[in-house]
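To start, the structure under review is shown below, and the notes come after it.
The values are calculated or read from the model by the stated rules, or taken from the named source; none is laboratory data. In this text the structure is predicted, and so the values were computed from the model without any measurement. Here Cβ is always computed from backbone atoms with ideal geometry, including for glycine, and neighbour counts include all displayed protein chains.
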Amino acid sequence: MSDVDDSVRAATRAVAETMLPELPAIGRETAEAVSGAMPELAQPQVVNMVLTASHANSAAVLDALLRSVRLDEMAPSPEVILATRGLVRANISQTSLVRGYQVGTAHWCDRWSRTVELNCADPALALRVARHGTAFLLAWLQVITERLVGEFRDEAEQVMREGSMARLAEVRRVLTDDDIDVVAMSQRLGYDLRGHHVAVVLHRTGEAETAMEATSRTLAGALTSSWPLVVQAEADTVWCWIPTRADCALPPPGASMSGGQGRPGKGLDGFRQSHRQAREALRIALLREPPTDHVLHFDDIELVALCSGDQEAYRTFVDTELGALAADDPHTQRLRTTLQAFYEANSNFRATAARLGLHHNTIRYRLDQAAELLGRPTTERRLQLELALHLHASPQNLARNQGHGPSRAGPGDR
């Protein structure tokens, strides 16, 4: 208010002084104007919050007009902040909050203009004082709503976190507690635990701020139009159950994100089993270097999952069985591919050649080279050798990319 001349400042102070005795009524009338214009703010659980904020804001505005307080020195009072946060928990929208302040400020502007008209004898001065007060009120409206929108969003995020934590606790009970009322729990979760389920677990592997819950719902949409159950298990991990019996592969979840998909299941047991499978598939996906950026299906990694619980034993087995045939160069990779195809073709040279598009003599030559690297015939310890080839290839030589030591924990296990 520093750019206002002394006459306007003095007249403003005089008008504000005449309003002091009426302050309780002004606060009440402002609240009534807001509640009357906006039914959502007239609800019993909300009306007292509106009244509290109206009284506090009216007192702050009148004090600023009395003492020529600058806008940058004004801040929402604790009562106003508390009322704003209460509106969030009463399910009042941010739009309604801002609209309520606009209605209240309009009421104040009208009240100010009428009071100026009654108390300023000089018409020219009255006009300037009315304009000055109105300009101040509109500027105050912008400042106060900007600050309160920040408080509103902070509280909304807190409410969301609390709701997510409560929902996660319920889901953890479903996964671990045998003594639950399936019907009642289904109602609380908004998801039928008695139906069919395909579980998916997603994990963010990079620093990109990806909307993981939204991504989960997008993936679910590839299988069904029904609404999935999605919970945030950790900051970078989401659990999802899709209400379907479809066993189709899911599309990639996007950059910097890996996923695991379980088999379809039914009822409470299927809900749990599909989730365990999805977590195992994700665990294998994260063993890759870099982690895979698509959703691995449990069917594709079941054998690897069974054999990779103890990484040290996993690595030792693969290295012992393959020896020099475990090398990463392209030539040795071709030998492994040929030997694996040979086993899958029931050790038939011509069938293997047809499958790989090669001459059968090339197959014989490659198998001889593989045996030389192994240091034994390819028919010796065939079961162990075939398993080692499969583990080495699925996925991308896990045994060599994963660190030492046993580990079965995955994202969201804690």
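Restricting Thr378, Thr292 to residues that are within 30 Å of Leu219 (Cβ to Cβ), among the polar types (S, T, N, Q) and not in a helix (DSSP H, G or I) narrows the list to Thr292. Only one entry in Val103, Val88 is modelled with pLDDT of 95 or more and among the aliphatic types (A, V, I, L, M), namely Val103. If only residues of the range 100-136 that are within 43 Å of the chain's Cα centre (by Cα) and buried (at least 19 other Cβ atoms within 10 Å of the Cβ) are counted, the one that is farthest from Val50 (Cα to Cα) is Phe136.
Return yes or no: is Arg28 part of a helix (DSSP H, G or I), of a type outside the set (Phe, Trp, Tyr), assigned by TED's automatic domain parsing to the domain that holds His107 and touching a residue at least 40 places away in the same chain (Cβ under 8 Å)? No, not satisfied.
Summed over the range 41-60, residues that are surrounded by 16 or more Cβ atoms within 10 Å (Cβ to Cβ), closer than 19 Å to Gln94 by Cα, free of Cβ contacts under 8 Å to residues at least 60 places away in the same chain and not aliphatic (A, V, I, L, M) total 2. Being touching a Phe, Trp or Tyr at 6+ places or on another chain (Cβ under 7 Å) and not assigned by TED's automatic domain parsing to the domain that holds Leu71 is a property that holds for Leu193. Candidates Val230, Val238, Val200, Val295: the one that is farther than 24 Å from Glu170 by Cβ and either modelled with pLDDT of 95 or more or not assigned by TED's automatic domain parsing to the domain that holds Ala393 (or both) is Val295. Of all residues being under 52 Å from the mean Cα position of the chain (by Cα) and under 24 Å from Glu321 (Cβ atoms) in the range 352-368, which is surrounded by the fewest Cβ atoms within 10 Å (Cβ to Cβ)? Just the residue, please. Per the stated criteria, the residue is Arg355. Among the residues examined, Asp110 does not qualify as assigned to a helix (DSSP H, G or I), assigned by TED's automatic domain parsing to the domain that holds Pro44 and at pLDDT below 95.
When residues in the range 79-100 are screened for being in contact with a Gly (Cβ under 9 Å, 6 or more places away or on another chain) and either without any contact (Cβ under 8 Å) to a residue 60 or more places away in the chain or of a type in the set (Ser, Thr, Tyr) (or both), 1 of them pass. The listed residues are Ala156, Ala184, Ala199, and the only one of them that is of a type in the set (Gly, Ala, Ser) and under 18 Å from His294 (Cβ atoms) turns out to be Ala199. Based on this model, can you work out whether Thr30 counts as among the polar types (S, T, N, Q) and surrounded by 14 or more Cβ atoms within 10 Å (Cβ to Cβ)? Yes, satisfied. Candidates are the residues of the range 211-231 that are touching a Cys at 6+ places or on another chain (Cβ under 7 Å) and part of a helix (DSSP H, G or I); the one that is surrounded by the most Cβ atoms within 10 Å (Cβ to Cβ) is Ser216. Filtered by the rule that a residue be surrounded by fewer than 16 Cβ atoms within 10 Å (Cβ to Cβ) and assigned to a helix (DSSP H, G or I), the range 1-22 gives Asp6, Ser7, Ala10, Arg13, Ala14, Glu17, Thr18, Leu20, Pro21, Glu22. One residue is enough: does the range 149-164 have a residue meeting the conditions within 28 Å of Leu223 (Cα to Cα), of a type in the set (Val, Ile, Thr) and touching a helix residue (DSSP H, G or I) at 6+ places or on another chain (Cβ under 9 Å)? No, the conditions are met nowhere in the range 149-164.
Candidates are the residues of the range 150-179 that are surrounded by fewer than 16 Cβ atoms within 10 Å (Cβ to Cβ) and among the β-branched types (Val, Ile, Thr); the one that is farthest from the chain's Cα centre (by Cα) is Thr176.
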